[in-house]
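To start, the structure under review is shown below, and the notes come after it.
Read-outs: derived from the displayed coordinates by stated rules, not from any lab. Given the structure is predicted, the values throughout are model-derived calculations rather than measurements.
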Amino acid sequence: MLFRKNIIIILFVFFLQSCGFQPLYNIESLSGFIVNEPNNKSESSLIIYKGLDEALKPLSTSNNFIISFTIDEQFEDIDIREDEKVLRKNIAISVKFSIKKEIDEEEIFTGESLISSAYNRVAEPYANFVAEQDTRDRILLLVIQDIKRQLALFKKNQGK
């Protein structure tokens, strides 16, 4: 029984290798990036800066890529009753970023991450505040993950 499981695992590994499977992240996929501190010191931009700065590792040489970004937050009422009471609110966060070479400051890539989500509004102001903060924090984490994926793909394509 154990022998059969081992054979199946080995065949599965060979199958994955033959179909060209490669993981998106590896040890060096997020190395060689430096994040510029944003001019806008809003809470959202500082959260994104901190999240990217912790994930990205600069190289000791001057072959790094410099990342600059701007953030735009939109709030929208999406479910309004006839008596004009808002039942749901939407938050959309858009982050536009650019990548430049550290050596010559030449812009070589621009990208954007746009994530939105909605939350229910209730009669309690504190509950609305907590729901808005929670939704915004989840969106910011998704934006950071999306930018990291785009940077990993950028780095992978640079190697080709």
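The separation of the stretch 38-91 from the stretch 115-160, counted between C-alpha centres, amounts to 8 Å.
Normalising by residue count, the stretch 58-123 has a Cα convex hull of 93 Å³ per residue.
In Å, what Kirkwood hydrodynamic radius results for the stretch 78-160 from the alpha-carbon pair distances?
On the way: mean 1/r = 0.0651 Å⁻¹.
For the stretch 78-160, inverting the mean 1/r across all distinct Cα pairs yields 15.4 Å.
A simple rule links phi to the HN-Hα coupling: the Karplus curve 6.51 cos²θ - 1.76 cosθ + 1.60 with θ = phi - 60°, which for the stretch 45-50 gives 5, 6, 5, 5, 4, 5 Hz, with x for Gly and Pro.
Counting only lysines at least 8 places from residue 148 when in the same chain, those with an alpha carbon closer than 25 Å to its own are 41, 50, 57, 96, 100, 101, 156, 160.
Which of the three applies to the chain, rounded, prolate or oblate, going by the alpha-carbon gyration tensor with a ≥ b ≥ c and a/c under 1.5 meaning rounded? Mind dumping the intermediate values first?
Working: a/c = 2.91, a/b = 1.37, b/c = 2.12.
Oblate, because a/c is 1.5 or more while a/b does not exceed b/c.
Phi-derived couplings, Karplus 6.51 cos²θ - 1.76 cosθ + 1.60 at θ = phi - 60°, listed residue by residue for the stretch 129-142: 4, 5, 5, 5, 4, 5, 5, 5, 5, 5, 5, 4, 5, 5 Hz, with x used for Gly and Pro.
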